[in-house]
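> One structure coming up, written as structure tokens, with questions to follow.
What follows draws every value from the coordinates through simple rules; no lab data is involved. Quick caveat, the model's predicted, so the values are computed rather than measured. Cβ atoms come from the backbone with ideal geometry, glycine included; neighbour counts cover every protein chain shown.
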Amino acid sequence: MGLFDEIKKKLSHEFIDIVEWLDTSNDTIVHRFERYQNEIKNNAQLIVREGQHAVFVNEGQLADVFTPGTYTLNTKNLPILTTLKGWKYGFDSPFKAEVYFVNTRLFTDEKWGTKNPFMLSDDRFGLVEIRAFGTYSFRINDPGKFVVDVVGTDGNFTNYEVNEHLKSLIVTRFTDTVGEANLPIELYAANTSELSETCQEVMQPEFNRVGIELERFYIENVSMPEDLKKEIFEYSRLDKLDMTKLSQFKAAKAMEAAAKNEGGTAGAGMGMGMGFVLAQQMGSMMGQPMGSQPQQAPSGPPPIPAQVTYFYAVNGQQAGPVNFDRLKELFASRTINRDTLVWKQGMENWTSLKEIEELKSFLGGNTPPPLPSA
């Protein structure tokens, strides 16, 4: 051992008899009390302030945990360490142990968020991408477990380090919870308070496993692509829309527009008349007629049926359509003959004139047969 090491050891034995930590930072969660070779004098004073716990670790094994107060370190106050060290009849100074001071105050306004969008399946919009962010508050509720499972041998464990661990846990559990909720996509943004409470209940057991209490969890915003927002807004409006009132509103707007577009008093009257007719039509479509009762169908004979027309082929080219009389003239002038292909609506294929029943009269088949002999 060198000369300076010997001097340090003697000074340590002589002067270091108070074990305490004055927190001068705002982000330290765990601080390891540093001293020469981890040696503590017999009957040294341990001072644990409010908002702190002191955790003793012996060769990597959790020993005694002290709550706020002042203690004299001896076999009476170190029962677990005494057992681990085998101090049946007391011990001589100094003894070796690692002392970690754990900050147990509430850490508030910690940020979390999804670095990348995650996918959700919606019954109406299919697969959609959403993001979320918010804040949370936590405190260390089991200092011994936290030191052993999270801190390890880190001599100065900060808020940043624990947040990196917690954020990953939060995003994973949040994604699972939202996916299993299977809510309509628009309800995620509209029910952040209820969703926040549910997520906190789901996450709390995970936090407890490492000695942390999730005091508060908030979802401040759930965002989605702009085009999806527009689709949701349109869907929401259509879902709540009264189609009857919409038709009446549009009819009124049509009347107003028609009146403005026409000139003078007569024009205004014509525009209003047109708008009124439109309103009647739309109201009739919706089952709620506006204005007077629907007019009765006019009496009289039905319209004359449309005349049959024919297409015919000449020199491999389609011609027509022509009516029956014109087709007969074409036959008489020998423009067409008995073998000419003819087609009319209702026929599947082109057929020669001689095979079409109503055109057989062109062939001279109307001469009656001879009278029977007496």
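> How long is the gain from residue 59 to residue 309 if the chain were fully straight, where each residue apart is worth 0.36 nm and the alpha carbon distance is subtracted?
79.1 nm
> I would also like to ask the following. What FRET efficiency comes out for residue 190 versus residue 161 if R0 is 41 angstrom and r is the Cβ-Cβ distance? Round to the nearest 0.05. Present the calculation step by step, with values, prior to reporting the outcome.
On the way: r = 36 Å, r/R0 = 0.87.
Taking R0 as 41 Å, the efficiency between residue 190 and residue 161 is 0.70.
> Still on this model: Just to verify a number: FRET efficiency for residue 28 and residue 87, C-beta to C-beta distance, R0 = 35 Å, to 0.05? Before the final figure, lay out the partial values.
On the way: r = 32 Å, r/R0 = 0.91.
So, using R0 = 35 Å, E works out to roughly 0.65.
> Could you give the distance between the Cα centres of segment 147-193 and segment 334-364, to the whole Å?
Centre-to-centre (Cα) distance: 85 Å.
> With θ set to phi - 60°, apply the Karplus curve 6.51 cos²θ - 1.76 cosθ + 1.60 along segment 335-350 and write out the HN-Hα couplings as whole Hz, x wherever there is a Gly or Pro.
Each residue of segment 335-350 in turn: 5, 10, 9, 5, 9, 5, 6, 10, 9, 9, 4, x, 8, 6, 9, 5 Hz.
> Note the full-extension length gain between residue 72 and residue 153 as 0.36 nm times their separation in residues minus their Cα-Cα distance, in nm to one decimal. Don't jump to the answer; show the numbers that get you there.
Values: separation 81, 0.36 × 81 = 29.16 nm, distance 2.51 nm.
Residue separation times 0.36 nm, minus the Cα-Cα distance, leaves 26.7 nm.
> Tabulate in residue order the Karplus-calculated ³J(HN,Hα) for segment 160-173, using 6.51 cos²θ - 1.76 cosθ + 1.60 with θ = phi - 60°, rounded to whole Hz; enter x for Gly and Pro.
Couplings: 4, 5, 6, 5, 4, 5, 5, 4, 4, 5, 4, 4, 5, 5 Hz.
> Which order do peptides 144-155, 331-342 fall in by mean Cβ count within 10 Å, highest first? Present the calculation step by step, with values, prior to reporting the outcome.
Values: 144-155: 17.5, 331-342: 14.1.
Ranked by mean Cβ neighbours within 10 Å, highest first: 144-155, 331-342.
> Give me the dipole magnitude in Debye, nearest 20, for segment 107-229 about the Cα centre, with unit charges on the beta carbon: positive for Lys and Arg, negative for Asp and Glu. All intermediate terms of the calculation are to be shown ahead of the outcome.
Numbers: 11 positive and 22 negative charges, 39 e Å.
For segment 107-229, the charge dipole is close to 180 debye.
> Would you please give the FRET efficiency between residue 347 and residue 180, computed as 1/(1 + (r/R0)^6) with r the Cβ-Cβ distance and R0 = 56 Å, to the nearest 0.05? Numbers along the way, then the final one.
On the way: r = 65 Å, r/R0 = 1.15.
Approximately 0.30, to the nearest 0.05.
> A follow-up question, please. Hey, can you grab everything whose amide H is under 5 Å from the amide H of residue 27? Only 5+ residues off in sequence or another chain; H modelled, so Pro and N-termini drop out.
For residue 27, no residues qualify.
> Compare the peptides 355-361, 324-330, 131-137 by average per-residue count of other Cβ atoms within 10 angstrom and give them in order, highest first.
Working: 355-361: 12.7, 324-330: 15.6, 131-137: 18.6.
Order by mean packing, descending: 131-137, 324-330, 355-361.
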